[in-house]
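K.L.:
Sharing a structure, written as structure tokens. Questions coming.
We did not get these values from a lab; they are worked out from the coordinates using the rules stated. Not measured: the values here are computed from a predicted model. FYI the Cβ positions are ideal-geometry reconstructions off the backbone, even for glycines, and counts take in every protein chain you see.
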Ligand code: OKP
Ligand code: ZN
């Protein structure tokens with residue numbers, strides 16, 4: 001399988017608030033480095049770096065003012081004399097009236113975030129932009145028919161980023177940008193399947209009112225798991241998009257035996273929707289030893305996961321999301337891609 005990646009991912013590394021203290025983020029550069037090394041060692045196929053794409057491809061999935069905020073936030077934060085990662089401390093609770101966008105950077109950080117999990121520093125924007133370009137380049141290779149499938153080794157991840165907010169290590173929603181790019185290139189119906197442990201709230205939000213992009217997600221039940229406020233089974237889309245959103249919340253401790261039949265259901269919904277191209281938000285934080293998640297998939301199960309996704313018979317773009325046990329994520333990702341290719 002063709003793999004797309006960018007050395008620019010390493011420009012972004014930050015901190016996170018965890019257990020009430022600031023720590024180095026679980027989402028760190030070694031993640032992408034180890035995945036790339038394992039893809040290479042496995043001889044999975046050709047490796048390419050990203051092609052630059054027009055800003056319009058980003059603004060097709062996010063608001064103009066949000067992309068502008070990401071581009072300029074670090075300069076405006078440091079202009080106020082601060083040097084550490086920019087993090088929000090105030091969020092607008094939407095209770096009826098819509099407050100206007102604040103002018104101060106501190107207000108904007110909250111306005112454009114769902115949590116304090118997406119720090120911004122000097123390397124963030126170039127890495128975030130490159131990550132989106134990796135997904136777009138992978139989509140191009142598949143939509144053109146050159147490749148049946150491709151792997152976008154995106155970092156930072158994207159699936160928590162909404163139309164105009166960052167959060168949960170995510171800034172631009174790489175999977176949504178790729179899915180929208182497929183639509184722009186003329187693919188009629190697209191599906192996004194999210195198998196990261198965490199619900200892909202950002203992707204859901206971007207397509208919630210649209211019938212042309214189906215979103216399905218298997219994830220830890222939001223009653224107990226991040227992001228807590230989205231991912232329930234009764235969120236099925238709205239307006240013209242009603243019926244084009246399918247959430248499968250699962251309990252802590254879910255293993256492959258319990259996971260696989262639910263995946264079969266999600267894939268059946270995607271087929272029934274008539275999708276012609278599949279974008280997979282690929283998180284391997286469903287692994288039994290993941291340090292921040294609570295499912296129990298084993299390394300060999302990822303071969304079956306890839307095989308089962310291949311059974312949809314669709315041109316497929318895998319977009320990297322989460323997975324935090326660095327010793328094992330490369331092996332688990334390679335297994336998904338191998339399983340898909342050998343199916
Ligand atoms: C990103 B991805 C809960 C802390 C949650 C944020 C997790 C973001 C996961 N104790 N921190 O979906 O893998
Ligand atoms: Zn995750």
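K.L.:
Taking every pair of alpha-carbon atoms in the range 36-76, give the share separated by more than 11 Å as a whole percent.
P.N.:
Within the range 36-76, distances greater than 11 Å cover 74 percent of Cα pairs.
K.L.:
Same structure again: With a point put 7 Å past each Cα toward its Cβ, work out how far residue 94 is from residue 22 in nm, to one decimal.
P.N.:
3.0 nm
K.L.:
In bins 10 Å wide, starting from 0, what share of all Cα pairs of the range 181-306 does each bin hold, as a percent?
P.N.:
14, 46, 31, 9, 0
K.L.:
Compute the separation of the alpha-carbon centres of the range 237-293 and the range 35-108 and state it in Å as a whole number.
P.N.:
26 Å
K.L.:
I need two numbers for the range 197-258: Rg to one decimal and Dmax as a whole number, Cα atoms only, in Å.
P.N.:
Values for the range 197-258 (Cα only, Rg and Dmax): 11.7, 36 Å.
K.L.:
While we're looking at this one, here's another question. Report, in cubic angstrom per residue, the convex hull volume of the C-alpha atoms of the chain.
P.N.:
With only Cα atoms used, the chain gives 124 Å³ per residue.
K.L.:
If you bin every alpha carbon distance in the range 56-184 into 5 Å steps from zero, what whole percent lands in each bin?
P.N.:
Taking every Cα pair in the range 56-184, the percentages come to 2, 11, 20, 22, 17, 12, 8, 4, 3, 1, 0.
K.L.:
Along the three principal axes, how long is the range 1-93 when you take its alpha carbons, biggest first, rounded to the nearest angstrom?
P.N.:
47, 36, 27
K.L.:
Please compute the modelled spin-label separation between residue 236 and residue 10, points set 7 Å along Cα→Cβ, answer in nm with one decimal.
P.N.:
4.9 nm
K.L.:
Looking only at Cα atoms, what is the convex hull volume of the range 96-156 per residue, in Å³?
P.N.:
Hull volume over Cα atoms, normalised by residue count, gives 150 Å³.
K.L.:
Return one number: the angle in degrees, 0 to 90 and rounded to the nearest 10, between the long axis of the Cα atoms of helix 301-310 and the longest principal axis of the Cα atoms of the chain.
P.N.:
80 degrees
K.L.:
Report, to the nearest 10°, how far helix 30-41 tilts away from the longest principal axis of the Cα atoms in the chain, using its own Cα long axis and a range of 0 to 90°.
P.N.:
For 30-41 against the chain, the angle is about 30 degrees.
K.L.:
Mind checking Rg over Rh on the range 14-64, alpha carbons, Kirkwood formula for Rh?
P.N.:
1.15
K.L.:
Based only on Cα atoms, what Rg/Rh ratio does the range 265-311 have, Rh being taken as Kirkwood's radius?
P.N.:
Rg/Rh for the range 265-311 comes to 1.04.
K.L.:
For the range 149-205, would you read off the P(r) tail past 14 Å as a percentage of all alpha carbon pairs?
P.N.:
Everything past 14 Å amounts to 54 percent.
K.L.:
If you don't mind, another one. Per-residue counts of other Cβ atoms within 10 Å, averaged by peptide: what ranking do you get for 148-154, 18-24, highest first?
P.N.:
148-154, 18-24
K.L.:
Bin width 10 Å, origin at 0, all Cα-Cα pairs of the range 295-343: what percent of pairs per bin?
P.N.:
Binned Cα distances yield the sequence 27, 57, 16, 0.
K.L.:
Something else: I want to check the label-to-label distance for residue 63 and residue 30. Put each point 7 Å from Cα in the C-beta direction and report it in nm to one decimal.
P.N.:
That separation, rounded to one decimal, is 3.9 nm.
K.L.:
Right, another one. Work out Dmax and Rg for the range 94-253 from the C-alpha atoms and quote the Rg first, both in angstrom.
P.N.:
16.1, 48
K.L.:
I would also like to ask the following. Would you mind computing Rg(Cα) / (2.2 N^0.38 Å) for the range 256-341, counting N as its residues?
P.N.:
1.06
K.L.:
With viscosity set to 1.002 mPa s and temperature to 20 °C, compute the Stokes-Einstein D of the range 43-131, Rh being the Kirkwood radius across alpha carbon pairs; µm²/s, no decimals.
P.N.:
Here the translational diffusion coefficient equals 144 µm²/s.
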